[in-house]
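J.: Mind looking over this structure? Questions follow.
The values are calculated or read from the model by the stated rules, or taken from the named source; none is laboratory data. All values derive from a computational prediction rather than experimental measurement. Virtual Cβ from ideal backbone geometry, glycine too; neighbours counted across all protein chains shown. Please note that ligands, DNA and RNA were not included when accessible areas were found on the heavy atoms of the full protein model with its side chains. Shrake-Rupley method; radii C 1.70, N 1.55, O 1.52, S 1.80 Å.
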Amino acid sequence: MPSTEFEKIVLAGADDHDLTRLSEYERVGGYQSLRKALGMERQAVLDELLAAGLRGRGGAGFPMGRKASFVPKPEQTTKPIYLTINADESEPGTFKDREIMQRVPHRLIEGALITAYTIGSNHVFIYIRGEYLSEFEIVRAALAEARDRGLVGANVLGSGWNCTIVLHRGAGAYICGEETALLESLEGKRGQPRSKPPFPALQGLYASPTLINNVETIATVPPIIEKGGAWYAQFGVPNSAGTRVFSLSGNVANGGNYELPMGISLRELIYDIGGGIPDGRKLKAIIPGGSSTPVLTADDIDTALDFDAIGAAGSMLGSGAIIAIDDRACMVQLALRVAQFYQHESCGKCTPCREGTRWMVNIIEKVETGHAQQGDLDLLLSVCDRILGKCLCPLGDAAAMPVASYVDRFREEFQAHIDQGCCPFGDSSSLDRILSPVQQHARLLRELAVIA
Amino acid sequence: MTALYDEIQQVAAQYPQRRSAVIPALRLAQEAHGGWLPPAAFREVADALELTPAYCQSVASFYDMFQLEPVGKHMIEVCTNISCALVGAQATLEAFESELGIRAGETTPDGEFTLRTIECLGGCGWGTVVSCDHRYRHYVKPEDASRVVEELRHAEH
Ligand SMILES: Cc1cc2nc3c(=O)[nH]c(=O)nc-3n(C[C@H](O)[C@H](O)[C@H](O)COP(=O)(O)O)c2cc1C
Ligand code: FES
């Protein structure tokens, strides 16, 4: 595998050792970073995280150390301080946090402990998406081992510092990956986002100061503390320090997760590491950061996978999930399927998102089935525009941005549907007949209505 | 008090505020009621957490993994999100439909299987991903459907 030429940081050691076991994790230096951190001033630990330039891996890319520094110090607040780890991973195309939990659960736990110590928290919650049952079991077993060894709970490693970690399973709702919806859900409510401000750093879980970070972000903390922020900052490129566990999927020979330094190109990932496009097909489009990010075309193949380069190409690195799409796919069908997902997952709180995603689906459906009129593409773009930036949380944007990008980048293909009054692919598109959960529900409801 | 009541109390004790235990409690109640949440389940959860049944129902209805109608003994969920769709999820789904003689969203008349489509399960690089009784299978092809169904039919539940 060419990918082994690159040094791994988050998944380090997992190829040669069963790091789900505490003894094996300790053999590769596990929990030494926690020991080291507990002997440091909190501010000194934070300084290493700031020096590392580690940016959040959940989607928004916010600098981790900076967010941690927004949390009031224990002496500045009478409330408990919470650390909440986002393991809700549901952005289509993304499956890296799952692999991190499966293969290096102790690195996640160690990162959680160090981060909690740094912000003066004694309570960690890990919110794991409900479907990840096996991963929950692996993390639970690792946590039990760590607890038995005195690494979690009262008087961690004899330091006098206490820290509990609670695993909380979700129950199937993409929106609960959004940080304030996650907090609502964790408080036992429907997962509907809150308005910000107040930001979670000041008023998060139970209206107390709360730091929220993604699984991969947290699992990167132990190696940073072990070897120093300056060491970590050497990897990657300026403004995009370190490695990422990229999730590669779609029409590619070797789909999977690959931990690579940021700044590597799409070409290297898709062709050299991913083995290229199978069945002798041609690459048509690339989704670079999960299904909510604007699409790139095959011409963008030499773009580097870092925050700035992907941004300059007109998209976002998001969750680091790259989806390769070959020339069999009808882009109108792709747009429809993506819009259906966001319609299904809209929590219903904000009107532009709740109604707008439905409008998007209706218009794209008309385009696909040949019932659209001239002008409907502009109508679709204007619906997208009326969602963008007009909701409490970015779920509406997550639908509007990619859909608008499909129309922008593949306008001729959309237009051909309207001009020809049908899908030019006939039934030959790789996405033909795909049945989404919203369609399945709608069909069942229609049939119930007929029977009644 | 019932076993469910006691289990819910144990879970609730982990949280600074007991209401946080609603989702875990609903999951326990669903397991105790054969995979779905009848009205009695909401009363039990409400009673254990000092909430109202209506509140518990409103929470449950938000989340995809809570079933508000009876389901089959086995649950087969086929991901039809884009990465799986690009590598043939639709053909895989249709193979399960014909193997079971039902369509997505339905339960077999003998109550053995519920088949449904599901949004991205987080296994996109190894599609088509199918979750069978909440355990993932990867690279599921249409020709695997009959074997998967047979395995589940004979699995201990
Ligand atoms: C609709 C939506 C879904 C999200 N889903 C996830 C998710 O599944 N996992 C995640 O870590 N972040 C997700 N995020 C981002 C979180 O809101 C938050 O920014 C992130 O967890 C912060 O962690 P980080 O700074 O370490 O990246 C989502 C955001 C939105 C708007
Ligand atoms: S798209 Fe099927 S698992 Fe992600």
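J.: Expressed as an acute angle from 0 to 90° and rounded to the nearest 10, what is the orientation of the C-alpha long axis of helix B:89-100 relative to the principal long axis of chain B?
T.: 80 degrees
J.: Further question on the same structure: For chain A, what does the helix formula give at 222 nm: sum of -39500 (n - 2.57) over DSSP H segments with n ≥ 4, over the residue count, nearest 500 deg cm²/dmol? Each step should come with its number before you reach the end.
T.: Working: 18 runs with 187 residues, N = 452.
Computed ellipticity for chain A at 222 nm equals -12500 deg cm²/dmol.
J.: Sticking with this one: So how much slack lies between A:GLU5 and A:ASP432, counting 0.36 nm per residue of separation and subtracting their Cα-Cα distance, in nm? Write down the numbers at each step before the final one.
T.: On the way: separation 427, 0.36 × 427 = 153.72 nm, distance 3.90 nm.
Going from the current span to full extension adds 149.8 nm.
J.: While we're here: Using a probe of 1.4 angstrom, how much of the accessible area of the protein assembly as shown is carbon and sulfur, in percent?
T.: Working: 11530 of 22760 Å².
Here carbon and sulfur together make up 51 percent of the probe-accessible area.
J.: Next question, about the same structure. What figure, in Å² to the nearest 10, do you get for the accessible area of A:SER292 with a 1.4 Å probe and non-protein molecules left out?
T.: 20 Å²
J.: So what's the convex hull volume per residue for the Cα atoms of the stretch A:238-326, in Å³?
T.: On the way: hull volume 6.5 nm³, N = 89.
In the stretch A:238-326, the Cα convex hull volume per residue is 73 Å³.
J.: How large is the accessible surface of A:HIS17 in square angstrom, using a 1.4 angstrom probe and rounding to the nearest 10?
T.: Surface accessible to solvent at A:HIS17 totals approximately 50 Å².
J.: Counting alpha carbon pairs within less than 8 Å and at least 6 residues apart, what relative contact order, in whole percent, applies to the stretch A:1-84?
T.: Working: 36 pairs, mean separation 10.6, N = 84.
It comes to 13 percent, rounded to a whole number.
J.: Place a point 7 Å from the Cα of A:ASP16 along the Cα-to-Cβ direction; which residues of the stretch A:240-262 have their backbone N under 18 Å from it?
T.: A:259
J.: To continue, here is another question. With an 8 Å cut-off on Cα pairs and a minimum separation of 6 or more residues, tell me the relative contact order of chain A in percent. Present the calculation step by step, with values, prior to reporting the outcome.
T.: On the way: 905 pairs, mean separation 70.4, N = 452.
Over chain A, the number comes to 16 percent.
J.: Probe of 1.4 angstrom, ligands and nucleic acids ignored: what's the accessible area per residue over the stretch A:22-233, in square angstrom? Let's see the in-between values first.
T.: Values: 6700 Å² over 212 residues.
Averaged over the residues of the stretch A:22-233, the accessible area is 32 Å².
J.: Run through all the Cα pairs of the stretch A:92-219 and give the fraction in each 10 Å bin from 0, expressed as whole percent.
T.: Answer for the stretch A:92-219: a P(r) of 12, 43, 36, 9, 0 percent.
J.: Could you state the accessible area per residue of chain B in Å², with a 1.4 Å probe and every protein chain left in place? Don't skip to the answer; put the middle values down first.
T.: Details: 6600 Å² over 157 residues.
Dividing the accessible area of chain B by its residue count gives 42 Å².
J.: Once you have the Cα-Cα distance between A:GLN374 and A:LEU50, take 0.36 nm times their residue separation minus that, and quote the gain in nm to one decimal. List each step's numbers first, then the result.
T.: Working: separation 324, 0.36 × 324 = 116.64 nm, distance 5.24 nm.
My answer for the length gained is 111.4 nm.
J.: List the GluC sites (Glu not before Pro) within the stretch A:304-409 that fall in a DSSP loop (any state other than H, G, I, E or B) and whose Cβ has at most 15 other Cβ atoms within 10 Å.
T.: Working: sites: A:GLU345, A:GLU355, A:GLU365, A:GLU368; in loops: none.
Sparse-neighbourhood loop GluC sites (Glu not before Pro): none present.
J.: Under 14 Å from a point placed 7 Å out from the Cα of A:ARG147 along the Cα-to-Cβ direction: which residues of the stretch A:97-137 have their backbone N that close?
T.: A:124-126, A:137
J.: Per the Debye formula with a single identical scatterer at each Cα and no solvent contribution, what log10 I(q)/I(0) holds for the stretch B:1-58 at q = 0.14, 0.22, 0.30 Å⁻¹?
T.: Debye intensities relative to I(0), on a log10 scale: -0.29, -0.75, -1.36.
J.: Now for a separate question. Based on DSSP, what percent of beta bridges with both residues in the protein assembly as shown are antiparallel, to the nearest 5?
T.: Details: 24 of 51 bridges.
If we restrict to bridges inside the protein assembly as shown, about 45 percent are antiparallel.
J.: Where in chain A are the helices, taken as whole DSSP H runs, whose Cα atoms extend 18 angstrom or more along the long axis and whose Kyte-Doolittle mean reaches at least -0.5?
T.: Values: long enough: A:105-119 (21 Å, 0.59); A:133-148 (23 Å, 0.16); A:331-345 (21 Å, 0.09); A:351-369 (27 Å, -0.53); A:395-409 (22 Å, 0.38); A:437-451 (21 Å, 0.24).
Helices passing the filter in chain A: A:105-119, A:133-148, A:331-345, A:395-409, A:437-451.
J.: Counting other Cβ atoms within 10 Å of each Cβ, which GluC sites (Glu not before Pro) in the stretch B:1-58 have at most 10 and sit in a DSSP loop? Display every interim value, and only then the final one.
T.: Details: sites: B:GLU7, B:GLU31, B:GLU44, B:GLU50; in loops: B:GLU50.
For GluC sites (Glu not before Pro) across the stretch B:1-58 that sit outside H, G, I, E and B with at most 10 neighbouring Cβ atoms in 10 Å, the list reads B:GLU50.
J.: In what order, largest first, do B:CYS124, A:CYS350 sit by accessible area if the probe radius is 1.4 Å?
T.: Working: B:CYS124 5, A:CYS350 30 Å².
Largest to smallest exposure gives the sequence A:CYS350, B:CYS124.
J.: Express the C-alpha Rg of chain B as a ratio against the empirical globular expectation 2.2 N^0.38 Å, rounded to two decimals.
T.: Details: Rg = 17.5 Å, N = 157, 2.2 N^0.38 = 15.0 Å.
Rounded to two decimals, the normalised Rg is 1.17.
J.: Nearest 10 degrees is fine. How inclined is helix B:145-154 to the longest principal axis of chain B, computing both from alpha carbons?
T.: In chain B, helix B:145-154 runs at an angle near 40 degrees to the longest axis.
J.: Roughly how big is the A-B contact, given as buried accessible area in Å² (both sides, 1.4 Å probe, nearest 100)? Display every interim value, and only then the final one.
T.: Working: alone 18420 and 9030 Å², together 22760 Å².
Looking at A and B, the buried total is near 4700 Å².
J.: Between B:THR2 and A:GLN43, what is the spin-label point distance in nm, taking each point 7 Å from the Cα along the Cα→C-beta axis?
T.: Taking the simple label geometry, B:THR2 and A:GLN43 are separated by 5.6 nm.
J.: Please compute the Cα-Cα pair-distance distribution of chain A with 20 Å bins starting at 0, giving whole percents from short to long.
T.: Pair shares across the bins are 25, 55, 19, 1.
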